[in-house]
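To start, the structure itself, in structure tokens.
The values are calculated or read from the model by the stated rules, or taken from the named source; none is laboratory data. Keep in mind the model is a prediction, meaning the values are calculated, not measured. All Cβ positions, glycine included, derive from the backbone under ideal geometry; neighbour counts span all protein chains shown. Surface areas here come from the heavy atoms of the whole protein model, side chains and all, with no ligands, DNA or RNA. Shrake-Rupley method; radii C 1.70, N 1.55, O 1.52, S 1.80 Å.
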Amino acid sequence: MSGHQLESIYGIDEAKFIQIRRHLHQYPELSNEEFETTRSIRGWLEEADIRVLDYPLATGIIAEVGGLRPGPVIALRADIDALPIQEETDLDFVSKIPGKMHACGHDFHTASLIGTAYALKAREGELEGTVRLIFQPAEERAKGAKQVIDSGALEGVQAIFGMHNKPDLAVGTVGIKSGPLMAAADGFHVEIEGKGSHAAVPEAGLDPIVTAAHVITALQSIVSRNVSALQSAVISVTLLHSGTAWNVIPDKAVLEGTVRTFDKQVRQQVLERFSQVVEGVMTAFGNSGGVRWIEGPPPVNNDESLAQLGNEAAAAAGLKAVVPVPSPAGEDFAVYQRDIPGLFVFMGTAGTQEWHHPAFTLDEAAIPISIRFFTELAERALKQLGAGGGEQP
């Protein structure tokens, strides 16, 4: 889609939102540190006379468009935080903050939502209800959605929509599916208490490293022997720390990692079995210790009727809708979906690297496409929910 086409439809210029994305990319801020990002978003919204609402959030912005005509309230959400990664791209607008980078494309999400806000503002008199705009902090720490909910910003909202850029999808393609799209992402911290001794006299101690090795091996049997072949799960041990010297058996070993699941029952089953395996192996080797869980977001689980609405909006926007392969990555948009129906989509950005890579890039041609899609989707959602008497789908 050309800038002229976008401007002729919505009365806005796509170049503005590409520049907004580049500004955000140059000045990334980490989770719950997005103070300048928040101020910038507020300024861009106020330029278009978009209402910024007063909610008790330290970072992040809640705004609204519409409300001039009666109807339901829906929400569009973008995440605004960056990652602690040193950028390794050759972009003209490379990050100016050492060790921080928008390596997951949240700058793209934010710029697209600002553009959608402008487009909806240009059509405000025609909106049959209200669109709440959520610029959410701290997605990378899986804390921001809960902060938004606790602030009260989701009250009255009947459906919520969001996206994540997808580097392996072509620009002009949007991935839409009902049901599970992204995984529950739980973390674990395992401590194995042993008894130190001289490495030449292992019988005088309780070696936690040997126990840790057996724990790691045993954990791999959970997915292959406890999860149905028709389901999926991932258990990854990503950290093992123990010992201080080559000739000393240490008294402790620490394991950390993550568990990814798409189904509520599978999630519960895997977490329970995980604890049983760790405790059983430690007992067998005479060690003590335990498991501490770092609860992450549940699976992103898309509402079927909203997914159908998304397909209709994609067709109306001239996009190619595909059924995407679910991603084992986590996304705290799922926290909203515990309270209200939601649709989360993958927007094709033809990137060169996967999320969280220091050379991550995306094709900015996807920005006006995203604006068109979400503007179309918001208007259709208001009409559909309004036709249903404002009830949830």
When restricted to Glu128, Glu155, the only residue open to solvent by 10 Å² or more (accessible area, probe 1.4 Å) and under 23 Å from the mean Cα position of the chain (by Cα) is Glu155
Which one of the conditions (1) in a loop (DSSP other than H, G, I, E, B); (2) open to solvent by less than 20 Å² (accessible area, probe 1.4 Å); (3) touching a helix residue (DSSP H, G or I) at 6+ places or on another chain (Cβ under 9 Å); (4) within 27 Å of Ile20 (Cβ to Cβ) does Ala378 fail to meet, given that it meets all the rest?
(1)
I'd like to check something: does region 319-340 contain any residue that is among the aromatic types (Phe, Trp, Tyr) and outside any helix (DSSP H, G or I)?
no
When region 328-349 is examined, which residues are found to be among the polar types (S, T, N, Q) and within 14 Å of the chain's Cα centre (by Cα)?
Gln337
Quick check on region 273-304: of everything there that is open to solvent by 40 Å² or more (accessible area, probe 1.4 Å) and within 25 Å of the chain's Cα centre (by Cα), which residue is farthest from Pro202 (Cα to Cα)?
Glu304
Could you list, in sequence order, all residues of region 267-318 that are closer than 22 Å to Gly348 by Cβ, in a helix (DSSP H, G or I) and among the hydrophobic types (A, V, I, L, M, F, W, C)?
Leu306, Ala307, Leu309, Ala313, Ala314, Ala315, Ala316
I'm trying to understand the selection: among the residues of region 144-193, which are assigned to a loop (DSSP other than H, G, I, E, B) and polar (S, T, N, Q)?
Gln158, Ser178
The one condition Ala313 fails out of (1) under 29 Å from Thr217 (Cβ atoms); (2) open to solvent by less than 20 Å² (accessible area, probe 1.4 Å); (3) of a type outside the set (Asp, Glu) is (1)
With respect to Thr211, is the statement that it is open to solvent by less than 40 Å² (accessible area, probe 1.4 Å) and either among the basic types (Lys, Arg) or within 26 Å of Ser178 (Cβ to Cβ) (or both) true?
no
